1. Sorted from largest down, what three extents in whole angstroms do the Cα atoms of region 81-163 have along their principal axes?
2. Quick one: net charge of TYR351's neighbours, Cβ under 10 Å, K/R +1, D/E -1?
3. Relative to the present Cα-Cα distance, how much length would full extension add between THR233 and ARG206 at 0.36 nm per residue of separation?
4. For the residue pair LYS350 and ASP199, what label-to-label distance in nm results when each label sits 7 Å from Cα along the Cα-to-beta-carbon direction?
5. Please compute the modelled spin-label separation between GLU184 and GLU153, points set 7 Å along Cα→Cβ, answer in nm with one decimal.
6. Just going by the charge dipole of region 186-230, with Lys and Arg at +1 and Asp and Glu at -1 on Cβ, which of ALA222, SER210, ILE197 is farthest out on the positive end?
7. Any chance you could check the Cα centroid distance between region 148-169 and region 298-312 for me, in angstrom?
8. Lys and Arg at +1, Asp and Glu at -1: add these up for the other residues within a Cβ distance under 12 Å of GLU78 and post the number.
Amino acid sequence: MSFIPVSRRHCLTLGVLCGAMIVFFCLSAPTHHRVYALDHHSAADGGKGDRDSKRGKRKQRHADMSELPPDESAEKRELDSLGDGFRLRRTNHYSILYNTSEKDVKVFSSAIEKTYRSCVNYTQRLGFDAQVPSHKLLIYYFDEHPEYSGYSEKLGNGPREQSTPGVYFPLLNRSMFYNFQNQETFKRAREEAEARIDDLRAQLRRPGVSRDQRRDIGRQIAEARKQATRSATVGSDVSESIVQHEVAHQVLWNIGFHNPKNFVANPRWFVEGTAMMFEPISTGSSANFGAVNTTRLDEYKRLLAEQRLIPVKDFISTADHFATKIDVAYPQSWALIHYLNRTKRSRIRKYVELINKRPADYSPSPQQELADFEKVFGRLDENWVESWLIWMARVR
Ligand SMILES: [Zn+2]
């Protein structure tokens, strides 16, 4: 399994404000242009042999959602490394190493399976067959932030912020999350509401409480209950969105959508913009993939109004904006990807094919990035930008 020294990380502002809390998404990646031998499939495989050619033969016309075999030795290795209290749950496409409650891991399992299906369906809709990963994808799900952050350190990727409940490490081909409902803000709000309910119940038990007082206390208990539920709901909504974003990275990297030979061969705006399409959380029984990402749309509109968008030519020419202007880079990536998917979908496949042809020793240059973009999506002149802005102005 190849592993890289990650000196700095790209983080992105989700811009979801939960009270005073800003949530960050992270895709842990090197910022400097070195060549790294990405070997995702063998990372979980430990000896893929002619697996690639077999996978080629397994390509199918229709989306293949059949169950993947587990990599039992990798699962065992992970469980041993995680230590006491961790269990393994297998879903059709994942091996989840977790120490949350069964109830929480069940919700998590359903979110990641939905994302897997959405990613594969998306690739099919673009007109090419998703590759079938050789094994179930490995995911960690920690109950508490300290163990999540500690394990990231153990993997050599440094500590993780409490406001960043999920991350995907492309070069390790692992994603990890912690139960965001246990983020301190939500936990505290929930605990306070529960303590308030206990206190109010004790008041009810006191002798001499009149009927009016009883009714009033009853109202207060209902209100406190609502507060406890609200903090849990906000936590799980934000968490679901982040899980979908990070898992989309992992799936897209494993089904041949991104270039696995070299992380920096993949234009960062393209990688992040695509993952952001998978952020809208499900409403009801189906995933919400395909819906407008209204959180990102609002951020984009704000940037536009404040004239903070980066000139598109500069923007697609380098990944540096993700280090210097992350609050602009993410919404702007989403706005470009949304536009391209809705207006130039057939060309996305061509772009993916072009990117995937880049060799393992590809070193990005602004000239090459711009040339490849223009080759597929047309000359990036004032007209192009104006068409994009006009089209985006109508998005609701
Ligand atoms: Zn990302």
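Rule-based calculations on the coordinates, nothing more; no lab input. Because the structure is a prediction, the values reported are computed rather than measured. Cβ sites come from the backbone with ideal geometry, for glycine too, and all protein chains shown count toward neighbours.
1. Ordered largest first, region 81-163 gives principal extents of 42, 28, 26 Å.
2. Details: positive: LYS344, ARG347, ARG349, LYS350, LYS375; negative: GLU353, ASP372.
Once positives and negatives cancel, what remains is +3.
3. Values: separation 27, 0.36 × 27 = 9.72 nm, distance 3.29 nm.
Computed gain between THR233 and ARG206 is 6.4 nm.
4. Rounded to a tenth, the inter-label distance reads 6.6 nm.
5. Here the answer is 1.6 nm between the modelled labels.
6. The residue sitting most towards the positive pole is ALA222.
7. 30 Å
8. On the way: positive: LYS76, ARG77, ARG87, LYS136, LYS154, ARG174; negative: ASP71, GLU72, GLU75, ASP80.
Counting the neighbours of GLU78, the net charge comes to +2.
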